[in-house]
Amino acid sequence: MKTVTIKGSVREKIGTKHAKDHRRKGFVPAVIYGADENTHIIIDEREFNKIVYTPDVYNVKIDVEGKEYSTIFQDAQFHPVTDDVLHADFLMVQDGKPVKLKMPVKLTGSAIGVRNGGKLAQPMRRVAVKGMIDALPDGIEIDITKLRIGQSIKVGTLKIDGVEFLDPESSVMVAVRAARGAVDEDLDGEEDEEGDDEESSEEGEEKKEEASSEE
């Protein structure tokens, strides 16, 4: 997992009034939790922008007046009108303990089903995982090259050493849907080897109905 270092200062006064004062001066009120006691801090808005406006997930090292905290950025509250950051939460990473977070899903390759005219659908842009901070990758990469029309890749098919996937195994992460004019055929001699066939169960039911009508 990528690491980024930012600086923070201890927030001595807590409350709505003081939080507003900090925001007016260009600081984001934040809290580091997960240890015996929460640590309330403020972070320069320019520093905070390094981690909030990006799809990537970081192990955030926060230097608070000389003391370093290893954290994971968990959440931020935004103003409903101005979209300014009101508050941020960081989970402290503790030695020997796994962390839970949502990681970005990155697709690689060009699906054969899309080249045949199908439509790519990605219901899950992030996936919940659990693991030791040193074992977690920058993101979850999924090769969709051999994905054909009517096929999908589900959470249960993902296997990465040291990473436990927390979403239901049946959750569809990416699929190729049928589209008007699409033709399901091999391109460049490629063969179908991977992916769950979403249409197979429907075809089976149709064959059963045809057999019963013939009888």
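Tabulated results
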{"read-out": "Lone qualifier among 77, 151, 122 - being within 14 Å of the chain's Cα centre (by Cα) and either exposed (fewer than 13 other Cβ atoms within 10 Å of the Cβ) or of a type in the set (S, T, N, Q) (or both)", "value": "122"}
{"read-out": "Scope the stretch 17-29; condition within 32 Å of the chain's Cα centre (by Cα), surrounded by fewer than 14 Cβ atoms within 10 Å (Cβ to Cβ) and part of a helix (DSSP H, G or I); matching residues", "value": "20, 24"}
{"read-out": "Residue within the stretch 126-135 that is among the β-branched types (Val, Ile, Thr), surrounded by 15 or more Cβ atoms within 10 Å (Cβ to Cβ), assigned to a strand (DSSP E or B) and not assigned by TED's automatic domain parsing to the domain that holds residue 34 present", "value": "yes"}
{"read-out": "Answer residue from the stretch 1-16, given it is among the charged types (D, E, K, R), at pLDDT below 90 and more than 25 Å from residue 141 (Cα to Cα) and is surrounded by the fewest Cβ atoms within 10 Å (Cβ to Cβ) among those", "value": "12"}
{"read-out": "Failed condition for residue 61, given (1) farther than 30 Å from residue 176 by Cβ; (2) assigned to a loop (DSSP other than H, G, I, E, B)", "value": "(2)"}
{"read-out": "Checklist (1) within 28 Å of residue 161 (Cα to Cα); (2) of a type in the set (A, V, I, L, M); (3) touching a Phe, Trp or Tyr at 6+ places or on another chain (Cβ under 7 Å) applied to residue 93, failing item", "value": "(3)"}
{"read-out": "Cross-chain or 6+ apart pairs with Cβ under 7 Å, the stretch 109-134 first and of a type in the set (D, E, K, R), then not in a strand (DSSP E or B)", "value": "115/187; 119/179; 130/98; 130/166"}
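The values are calculated or read from the model by the stated rules, or taken from the named source; none is laboratory data. Because the structure is predicted, anything quoted here is derived from the model rather than measured. Every residue, glycine as well, gets a Cβ built from its backbone with ideal geometry; the counts of neighbours run over all protein chains shown.
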